[in-house]
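> Input: one structure, supplied below.
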Amino acid sequence: MSTATELITVAEAQRLVLERARRLEAERVPVERAAGRVLAEAATALVDLPPFPSSAMDGFAVRAEEAGVGARLPVVARIAAGSPAGAALGAGETMAISTGGTVPEGADAVVPLEVVEDSGDSIEIQEAVSAGANVRERGSDVHTGDTVLERGIRLGPAQVGALAAAGVHEVRCTKRPRVGILVTGSELRQPGAELGPGEIYESNGLLLATALQLAGAVPAQLGVVGDDADELERAMERALLGFDMLVTSGGASVGPHDLVRQTQAGLRVEEVFWGVAVKPGKPVAFGVRRDHLVFNLPGNPVSVLVTFELLVRPAVNALLGLPEPQPVLRRGSLEAPLRRNAGRDQFVRARARRDGNEVVLEPIAGQESHMIARAGRADALVEVQAGDGELAAGSQVRYLEL
């Protein structure tokens, strides 16, 4: 177990985590169940898209050279989407066509419905078109065998739609990390129970389960363990066997009831670091046992929120195979001044609003690490780098979206 007293930086902690977080194996997933998953290999098109030349609008398929202003052409067929004409377009003819309909052989343009005078069995063209106008060429989106999506892409609505349109019915995705959540503290009770003297409601387990699920993991709440060394050892040993990652909350500091780190050491968890120069969240620890990642987060709920975003989420991203697992810090300006901390970077809860082209960040009142109710109003974590003095109102800062 680490005995170092010097705190490491957030960047160093993130580096140490990502060095040990390796992409999980892949599995086949039906495309209809692939939303939110991450591709483990590139997906290729099984058909040309479109698979035939099709009309981009309702109108009339023509030979462009015959479709000058004033030209009158007989309508020899009417084409609906899914019902091709079955014959080529002859010289001096036209065919009515719906959006998505197959452009017949011999036609090279579609005259929009709005620029013809339709007499039923013939049309008079009022605006000329050039060859290729309003025709979606076969394979103009993607050709058979072309890559539709690269490895490492998380699948959202547009991506799933692209795969389905290209005929892909199954993809290889990285397995979702299975994460055990173990909360410690004899004072904790589940919401809905009656509180006794000195007791509080447990919220960290649900906070972590929600964050992990939205990050793409499969969380499992393993319950609350009291401040008992034997009980904690049994619970942690089961968790270390059954999950890709274990996240604990509470019990990782230096008090007499903080048993997590010494229990882990007895279970052969190699502690990589303990203590990060961040506020809130300083007494956060990270270790490994074989390929299992172990995070020990503080007990205060806001500390859990911050250390999850800075350290646990990047680990989940790396296990999923996302090419850029680090948190994305955006730019904004402070609405109110913030005092720096001389020794630690701070992540201040704030509300973000847009003012023209700029994001303005308003720190919320109440920044103590136990104030989760107030943190529930925040949608941003503002980075305040360690230093002296304060950041003035209007200062440019970086922030994480919540």
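> Do we find a residue being part of a strand (DSSP E or B) and of a type outside the set (Lys, Arg) anywhere in the range 303-321? Step through it out loud before you land on a result.
Just the residues of the range 303-321 that are part of a strand (DSSP E or B), to begin with: none.
No - not one qualifying residue is present in the range 303-321.
Matching residues to (1) of a type in the set (S, T, N, Q); (2) within 30 Å of residue 97 (Cα to Cα); (3) outside any helix (DSSP H, G or I):
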residue: 14; (1), (2), (3): yes, no, no
residue: 23; (1), (2), (3): no, no, yes
residue: 27; (1), (2), (3): no, no, yes
residue: 35; (1), (2), (3): no, no, yes
residue: 41; (1), (2), (3): no, no, yes
residue: 51; (1), (2), (3): no, yes, yes
residue: 60; (1), (2), (3): no, yes, yes
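> Okay, next question. Just for the range 273-285: of the residues that are open to solvent by 30 Å² or more (accessible area, probe 1.4 Å) and touching a residue at least 40 places away in the same chain (Cβ under 8 Å), which one is farthest from residue 366 (Cα to Cα)?
274
> Could you list, in sequence order, all residues of the range 342-389 that are among the small types (Gly, Ala, Ser), buried (at least 17 other Cβ atoms within 10 Å of the Cβ) and in a loop (DSSP other than H, G, I, E, B)?
Residues of the range 342-389 among the small types (Gly, Ala, Ser): 342-343, 350, 352, 356, 365-366, 369, 373, 375-376, 378, 380, 386-387, 389.
If we keep only those that are buried (at least 17 other Cβ atoms within 10 Å of the Cβ) as well, we get 350, 352, 369, 375, 378, 380.
Within the range 342-389, 369, 378 qualify.
> Here's a follow-up. Open to solvent by 50 Å² or more (accessible area, probe 1.4 Å), touching a strand residue (DSSP E or B) at 6+ places or on another chain (Cβ under 7 Å), farther than 20 Å from residue 13 by Cα and in a strand (DSSP E or B): is that true of residue 398 in this structure?
no
> Continuing with this model, one more query. Which pairs have Cβ atoms under 8 Å, sit 6 or more apart or on different chains, and link a residue in the range 107-118 that is at negative phi to one that is open to solvent by less than 30 Å² (accessible area, probe 1.4 Å) and assigned to a helix (DSSP H, G or I)?
Final answer for the pair search is 108/64; 109/64.
> Let me ask another. Collect the residues in the range 111-149 that are part of a strand (DSSP E or B), among the polar types (S, T, N, Q) and more than 16 Å from residue 76 (Cα to Cα), keeping them in residue-number order.
The one that is part of a strand (DSSP E or B), among the polar types (S, T, N, Q) and more than 16 Å from residue 76 (Cα to Cα): 147.
> Checking the conditions here, which among 177, 157 is under 22 Å from the mean Cα position of the chain (by Cα) and surrounded by fewer than 17 Cβ atoms within 10 Å (Cβ to Cβ)?
None of the others qualify; the one that does is 157.
> Go through the range 306-341 and count every residue that is open to solvent by 20 Å² or more (accessible area, probe 1.4 Å), over 23 Å from residue 39 (Cα atoms) and in contact with a Gly (Cβ under 7 Å, 6 or more places away or on another chain).
Adding up the residues that qualify gives 1.
The values are calculated or read from the model by the stated rules, or taken from the named source; none is laboratory data. Keep in mind it's a predicted model, so treat the numbers as computed, not measured. Every residue, glycine among them, receives a Cβ derived from its backbone with ideal geometry; neighbour counts consider all protein chains shown. Heads up: the accessible areas ignore ligands, DNA and RNA and are worked out on the full protein's heavy atoms, side chains in. Shrake-Rupley method; radii C 1.70, N 1.55, O 1.52, S 1.80 Å.
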